[in-house]
Each structure stands twice: as structure tokens, then as C-alpha cells.
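*Asks:* Below: one structure in C-alpha cells.
The values are calculated or read from the model by the stated rules, or taken from the named source; none is laboratory data. All figures in this text were calculated on a predicted structure; none of them were measured in a lab. Neighbour counts run over all protein chains shown; Cβ positions are idealised from the backbone, glycine included. Note: accessible area is taken over every heavy atom of the protein model, side chains too, but ligands, DNA and RNA are not part of it. Shrake-Rupley method; radii C 1.70, N 1.55, O 1.52, S 1.80 Å.
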Amino acid sequence: MVKYYSGDFKGAAEMLASKSEARLDTGDELAWRLDEGSASFTAGLYDVSLKAFERCEAIIKDYDERAVVSARDGGS
């Protein structure tokens with residue numbers, strides 16, 4: 001966040017994009033993607049920002065559509 005707060009929005013956006021890719025399909029990818037989208041928007045990288053926020057929507061949708069009852073709960 002040092003880059004972001006120092007005004008290097010493009011550098012922050014690039015760094016956050018890299019971090020987001022490293023967190024692909026992990027439990028904390030959503031948080032990194034949200035930061036990436038915000039920094040990219042601030043840097044004027046609107047297409048990159050939109051892609052990051054669309055990925056956030058996909059992560060949230062996937063979570064919402066998961067089964068509420070697990071196989072273990074169904075067995076008991």
C-alpha cells in the first residue's frame with residue numbers, strides 16, 4: 001500500500017494484480033481482487049479495474065451457489 005499512498009497508483013495496481021494472480025482460487029483472492037480493482041480504477045486503468053471487479057462477482061456468485069448442507073451433514 002506504500003505505492004498507493006505515495007501516489008503511484010499505476011505501480012500499486014500492477015503490484016496488486018500480481019498478488020491477486022498469486023492468490024488465485026484461495027480463500028483470500030476476493031480481498032486482493034477488490035484492492036486491485038480499486039487501485040486500477042484510481043490509476044485510470046478502467047478495463048483492468050472492470051475485469052478485477054467482474055472476477056469478484058464470480059467469486060461471490062460461486063460462494064453463494066455452494067451447497068448449504070455438506071455430505072457429512074446429510075449422512076448424519
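*Asks:* Would any residue of segment 31-49 have its amide N under 17 Å from a label point 7 Å out along Cα→Cβ of I60? List them or say none.
*Replies:* It comes to 31-39, 41, 49, nothing else.
*Asks:* K61: which lysines have alpha carbons under 29 Å from its alpha carbon, excluding same-chain residues fewer than 8 sequence positions away?
*Replies:* K10, K19, K51
*Asks:* Accessible area of the chain with a 1.4 Å probe: how many percent of it is carbon plus sulfur?
*Replies:* Numbers: 3040 of 5520 Å².
Carbon and sulfur: 55 percent of the exposed surface of the chain.
*Asks:* Taking the alpha-carbon distance from K3 and a cut-off under 17 Å, which aspartates and glutamates remain once sequence neighbours fewer than 8 residues away in the same chain are dropped?
*Replies:* E14, D35, E36
*Asks:* Give me the accessible area per residue for the chain, probe 1.4 Å, as a whole number in Å².
*Replies:* Values: 5520 Å² over 76 residues.
Counting only protein heavy atoms, the per-residue value for the chain is 73 Å².
*Asks:* Now for a separate question. Keeping all protein chains in place and using 1.4 angstrom, which order do K61, K19 fall into by accessible surface area, from largest down?
*Replies:* Largest to smallest exposure gives the sequence K61, K19.
*Asks:* Once the mean 1/r over all distinct Cα pairs of the chain is inverted, what Kirkwood radius in angstroms do you read off?
*Replies:* So the Kirkwood estimate lands at 13.4 Å.
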